[in-house]
Amino acid sequence: MKQILRRLAQAPMFTGTALLTLAIGIGANTAIFSVVEGVLLKPLPYEKSEELLSIRHAAPGIHIADLPNSPANYFTYREDNHVFEDIGLWRSDSMSITGLAEPQQVKALNVTAGILPLLRIQPVRGRNFSEQDDRAGSPETVMISYGYWQQRLGGDSNVIGGILIVDSTPRAIIGVLPQGFTIAETAPVLVVPMQFDRAKTSLGNFSFQSIARLKPGVTLAQAAADVRRMIPLSYTRFTAPGGGGTKMFEDARIVPHLLSLKDFVVGDIGGVLWVLMATIGIVLLIACANVANLLLVRAEGRQQELAIRTALGASQGRIAADLLLESVTLGALGGAIGVGLAELALRALVKMAPATLPRLAEISIDPTVLVFALVVSLASGVLFGLIPMFKYAGPRIADSMRQGRGLSQSRERHRARSILVIAQVALALVLLIGAGLMIRTFDALRHVEPGFTNPEQVQSVSISIPEAQVADPEAVLRMEEAIRQKIGQIPGVTAAAFGTSIPMDGNQSFDPIWVEGQPFLEGKLPPMRRYKNSSPGFFAATGNALVAGRDYTWTEVLKMAPTAIVSENLAKEIWGSATKAVGQRIRETPDAPWREVIGVAGDVRDDGVDNPAPKSIYWPVLARDFQGQKIRVRRSITYAIRSQRAGAQSFVNEIRQAVWSVNPNLPLEQVRTLADLYRKSMARTSFALVMLAMAGGMALLLGVIGIYGVISYSVSQRTREIGIRIALGAERTALLRMFVGHGLKLVGIGLAIGLVGAYAVTRGLSSMLFGVSAADPLTYIGVSLGLAMAAALASYIPSRRAANVEPMIALRSE
């Protein structure tokens, strides 16, 4: 081993180039594998997490592919199942804490009593919720996070039994959650019990997440069959909302759609990560091909040495082992450097915190990743070491003793290096086409009209007015409007309004509507539409133009006039055009008053620019007799504030003071710009684009280096031949064409193979593409031409040097 290290040290240029090439390839693979392992392969941080399920549904009768759980189904499943140890509901929330310095808005979870025990979560202090805590009318309790206990409450040992004012309601602290506790990527500060009243529960309200733990030995298929059996039972035990019949739920054809909890947490990012893993694997293959070429050159230079060792009695096996050990040593050293590069890359990744990447905190260089890096390093060393070993550790070594200085290099001696270059070009083309398709996708997404203008000028902040603080619904609206007026007085504000949701903020509120003149069969459920609420001026503030009709006025909102605004795509679907929709009437339930459509708003791609705009209804922020409520007001709202100052911290501070001037107990939450949400909607594509572009860039660089190396080496080995040709009258331009032609021939073969490979491989990118086909001819042609031009340049530089060789110097070169 010392002798090998000494030989490597004596060739610093070769060793440095090989190590850097390997470090890039192995480091990139290690970094991506650590992401794959942390996100996809590691079990969730719960005891026997493989037993945990997310209970979800589908409703093909109303075209809903993914439906959460409901209280009625929860009670039914808990009481009648044969497959679960327990089941619980949870829902993300946001709550205000007051009474401790300035008000604070924090993440919270509403849970049923069984959630924490079925996750096997034990508090570090105090106790879990009991069934009594979770009963309607019981004293209000709360569990707090470990971080909040330490940072805000100073780690007070007497915290249990203390009182916390949550949404203006005193709650007794009964427990402190363990450090790092999360549910499905949600890290709550507060956890409070649901306190459902079973006697008042009705069918519907599929808006709760659900977790169940399987009994030992039960499979996912068995659990799905049991849930399918129980769904009809809920129709016999609970009534439909408003006292209606259950036929609409039967017509929805609700069926189970169960997922492992890990699959629910990870979502659809798995496909992207495996594509990236395969992509970076190709980069490593190109790096190995490059190092193999370097080793071939090095082995050719050592032929005399190897032949002498053979003549002195060294066996072929000894020579082969020596060559292979040298390449494995290079692989191990390159892997060690690569792990360091991977660590730096992961730190940068965690700092960027991609919005679409779950389990970010669990990504690290752990023992599993280190074992992977070691295996990849050794395997790479063997892979790129086999070619020179077989080529130069055979019987032909002795032949090198008889080689004369005047012999030119034969084609056979160049064949191995040429094949490696062809492979590099083909693999690089596959990666570059993948990167090109993602660039085309990103460009297509950027040119999609999202349904709003100048998002960087729209600041959004959310507030929530608890019922314990302001009980009267009309007083709530007056307070919200007073805050809007205060915000409107801030210098630089050109428009301010509020609603339950701004574009692309993740609003998922769906309900049906009934249309006058289009009666449905008795009990049949109409198609689901997205529900929003908006104040006057909301569309101007968000930059969504009204295409027909008009906006709400404050007069009709305060008088609770029965009005509505619909999206353009909904208007066209029901009435044929936006103008025909104005004056029509709709309602949210069969027994609600008819509400006149007074305006039609432009379509908004709320689910991201790569998804179609949902058909939406914008109800007023205050309404009478709405969904069974005598007066309905929205207590949790988001302000849309248009200003050139959006995004500035000083501007947010002035908004906060404006809110507090009306109510000092209202903290701000979800402080962001509309541009932030717009960028987040493209985060998955951006992440894939950056990773593929980096892989493609590395592949291009390594490929070009490989081509340059082969042509340059060919020139150096044929210097004497070049001199003879020139001395005999060969034109220098002909020599230039010969060497460039040789390089382009290799590139052409590589491109042909790469095009076939790319056509097969890019099928896996189809789900990530938008507005472009996986076989997009423009991308294939453009990338191929670009790679060919880069290869031509890489061939031209050493070829030009060959054409300028002086004959007398060339004839004395051997």
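Among (1) part of a helix (DSSP H, G or I); (2) farther than 28 Å from residue 357 by Cα; (3) of a type outside the set (Lys, Arg), there is one condition residue 239 misses while meeting the rest; what is its number?
So the condition that residue 239 fails would be (1).
Could you list, ordered by first residue, the pairs with Cβ atoms under 7 Å in which the first is in segment 310-336 and closer than 16 Å to residue 23 by Cα and aliphatic (A, V, I, L, M) and the second is surrounded by fewer than 19 Cβ atoms within 10 Å (Cβ to Cβ) and at pLDDT 85 or above, at least 6 apart or interchain?
328/378; 328/382; 332/378
How many residues does segment 753-782 hold that are assigned to a loop (DSSP other than H, G, I, E, B) and open to solvent by less than 70 Å² (accessible area, probe 1.4 Å)?
Qualifying residue count, segment 753-782: 7.
Quick one: is residue 527 open to solvent by 30 Å² or more (accessible area, probe 1.4 Å), of a type outside the set (Val, Ile, Thr) and either under 23 Å from residue 598 (Cα atoms) or without any contact (Cβ under 8 Å) to a residue 40 or more places away in the chain (or both)?
Against the criterion (open to solvent by 30 Å² or more (accessible area, probe 1.4 Å), of a type outside the set (Val, Ile, Thr) and either under 23 Å from residue 598 (Cα atoms) or without any contact (Cβ under 8 Å) to a residue 40 or more places away in the chain (or both)), residue 527 qualifies.
Is there any pair with a first residue in segment 424-453 that is farther than 17 Å from residue 778 by Cα and open to solvent by 30 Å² or more (accessible area, probe 1.4 Å) and a second that is among the hydrophobic types (A, V, I, L, M, F, W, C) and part of a helix (DSSP H, G or I) whose Cβ atoms are under 6 Å apart and which are 6 or more apart or on different chains, and what are they?
Within 6 Å, the pairs are 427/282; 427/285; 427/286.
When the residues of segment 104-141 are narrowed to those that are assigned to a strand (DSSP E or B), touching a Leu at 6+ places or on another chain (Cβ under 7 Å) and farther than 21 Å from residue 71 by Cβ, which ends up least open to solvent (accessible area, probe 1.4 Å)?
106
Touching a Gly at 6+ places or on another chain (Cβ under 6 Å), among the small types (Gly, Ala, Ser) and touching a residue at least 12 places away in the same chain (Cβ under 8 Å), is that true of residue 540? Even if it seems obvious, please write down each step before you answer.
Values: touching a Gly at 6+ places or on another chain (Cβ under 6 Å): no; among the small types (Gly, Ala, Ser): yes; touching a residue at least 12 places away in the same chain (Cβ under 8 Å): yes.
Judged against the criteria, residue 540 is not a match.
Quick check, is residue 785 open to solvent by 60 Å² or more (accessible area, probe 1.4 Å), under 17 Å from residue 439 (Cα atoms) and either at pLDDT below 85 or under 34 Å from the mean Cα position of the chain (by Cα) (or both)?
It is true that residue 785 is open to solvent by 60 Å² or more (accessible area, probe 1.4 Å), under 17 Å from residue 439 (Cα atoms) and either at pLDDT below 85 or under 34 Å from the mean Cα position of the chain (by Cα) (or both).
Restricting to segment 64-103, give me the number of residues that are open to solvent by 70 Å² or more (accessible area, probe 1.4 Å), out of contact with any Asp or Glu (no Cβ under 9 Å at 6 or more places or on another chain) and either part of a helix (DSSP H, G or I) or over 30 Å from residue 665 (Cβ atoms) (or both).
Of the residues in segment 64-103, 3 are open to solvent by 70 Å² or more (accessible area, probe 1.4 Å), out of contact with any Asp or Glu (no Cβ under 9 Å at 6 or more places or on another chain) and either part of a helix (DSSP H, G or I) or over 30 Å from residue 665 (Cβ atoms) (or both).
Could you check segment 672-694 and list, in sequence order, the residues that are of a type in the set (Ser, Thr, Tyr) and either touching a Leu at 6+ places or on another chain (Cβ under 7 Å) or open to solvent by 50 Å² or more (accessible area, probe 1.4 Å) (or both)?
Matches in segment 672-694: 685 only.
Hey, could you check segment 541-580 for residues that are in a helix (DSSP H, G or I) and under 23 Å from residue 460 (Cα atoms) and say which is nearest to the chain's Cα centre (by Cα)? Steps first, answer last, please.
Of the residues in segment 541-580, the ones in a helix (DSSP H, G or I) are 541-542, 554-558, 568-575, 578-580.
In the following step, the residues that additionally are under 23 Å from residue 460 (Cα atoms) were identified as 541-542, 554, 557.
Values: 541: 29, 542: 26, 554: 41, 557: 40 Å.
The selected residue is 542.
Which residues, taken from segment 201-250, are of a type in the set (Lys, Arg) and either open to solvent by less than 80 Å² (accessible area, probe 1.4 Å) or touching a residue at least 60 places away in the same chain (Cβ under 8 Å) (or both)?
Within segment 201-250, 213, 215, 237, 247 qualify.
Do you know which of the residues in segment 1-54 that are modelled with pLDDT of 90 or more and among the charged types (D, E, K, R) is most open to solvent (accessible area, probe 1.4 Å)?
Among residues in segment 1-54 that are modelled with pLDDT of 90 or more and among the charged types (D, E, K, R), the one most open to solvent (accessible area, probe 1.4 Å) is 50.
Anything in segment 345-375 that is part of a helix (DSSP H, G or I), at pLDDT 90 or above and open to solvent by 20 Å² or more (accessible area, probe 1.4 Å)? List them, or say none.
Initially, segment 345-375 is screened for residues part of a helix (DSSP H, G or I), giving 345-352, 360-362, 367-375.
With at pLDDT 90 or above added as a condition, the list becomes 367-375.
Listed by number, the residues that qualify are 367, 368, 370, 371, 372, 374, 375.
Could you count how many residues in segment 494-505 are among the aromatic types (Phe, Trp, Tyr) and open to solvent by 10 Å² or more (accessible area, probe 1.4 Å)?
Summing the residues that are among the aromatic types (Phe, Trp, Tyr) and open to solvent by 10 Å² or more (accessible area, probe 1.4 Å) in segment 494-505 gives 0.
Which of the residues that make up segment 142-166 are open to solvent by less than 40 Å² (accessible area, probe 1.4 Å) and either assigned to a loop (DSSP other than H, G, I, E, B) or more than 26 Å from residue 666 (Cβ to Cβ) (or both)? Working first, answer last.
Initial filter on segment 142-166 (open to solvent by less than 40 Å² (accessible area, probe 1.4 Å)): 142-145, 147-149, 155, 159, 162, 164, 166.
Residues satisfying the conditions are 145, 155, 159, 162.
When you check residue 532 against the structure, is it outside any loop (DSSP other than H, G, I, E, B), basic (Lys, Arg) and surrounded by fewer than 21 Cβ atoms within 10 Å (Cβ to Cβ), yes or no?
So residue 532 does not fit the description; no.
Can you tell me which residue is farthest from the chain's Cα centre (by Cα) among those in segment 458-483 that are under 26 Å from residue 566 (Cβ atoms) and open to solvent by less than 50 Å² (accessible area, probe 1.4 Å)? Break it down into steps so the answer makes sense when it comes.
Initially, segment 458-483 is screened for residues under 26 Å from residue 566 (Cβ atoms), giving 458, 460, 462, 473-474, 476-477, 480-481.
Checking which are open to solvent by less than 50 Å² (accessible area, probe 1.4 Å) leaves us with 458, 460, 462, 473, 476-477, 480-481.
Numbers: 458: 25, 460: 23, 462: 25, 473: 40, 476: 38, 477: 38, 480: 35, 481: 37 Å.
Applying the filter and picking the extreme gives 473.
Among 726, 809, which is buried (at least 20 other Cβ atoms within 10 Å of the Cβ), over 30 Å from residue 268 (Cβ atoms) and at pLDDT below 80? Write out each step before concluding.
Working: 809 fails: buried (at least 20 other Cβ atoms within 10 Å of the Cβ).
Going through 726, 809 in turn, just one is buried (at least 20 other Cβ atoms within 10 Å of the Cβ), over 30 Å from residue 268 (Cβ atoms) and at pLDDT below 80: 726.
Quick check: anything in segment 241-258 of a type in the set (Ser, Thr, Tyr) and in contact with a strand residue (DSSP E or B) (Cβ under 9 Å, 6 or more places away or on another chain)?
Going through segment 241-258, the residues of a type in the set (Ser, Thr, Tyr) turn out to be 246.
After this cut, where a residue has to be in contact with a strand residue (DSSP E or B) (Cβ under 9 Å, 6 or more places away or on another chain) as well, the list is none.
Scanning segment 241-258 turns up no residue that is of a type in the set (Ser, Thr, Tyr) and in contact with a strand residue (DSSP E or B) (Cβ under 9 Å, 6 or more places away or on another chain).
On the basis of being surrounded by fewer than 19 Cβ atoms within 10 Å (Cβ to Cβ), among the polar types (S, T, N, Q) and farther than 27 Å from residue 605 by Cβ, does residue 508 make the cut?
Spelling it out, it is not the case that residue 508 is surrounded by fewer than 19 Cβ atoms within 10 Å (Cβ to Cβ), among the polar types (S, T, N, Q) and farther than 27 Å from residue 605 by Cβ.
The values are calculated or read from the model by the stated rules, or taken from the named source; none is laboratory data. Everything numeric in this text was worked out from a predicted model, so none of it was measured. Every residue, glycine as well, gets a Cβ built from its backbone with ideal geometry; the counts of neighbours run over all protein chains shown. Calculation scope for accessible area: heavy atoms of the full protein, side chains included, ligands and nucleic acids excluded. Shrake-Rupley method; radii C 1.70, N 1.55, O 1.52, S 1.80 Å.
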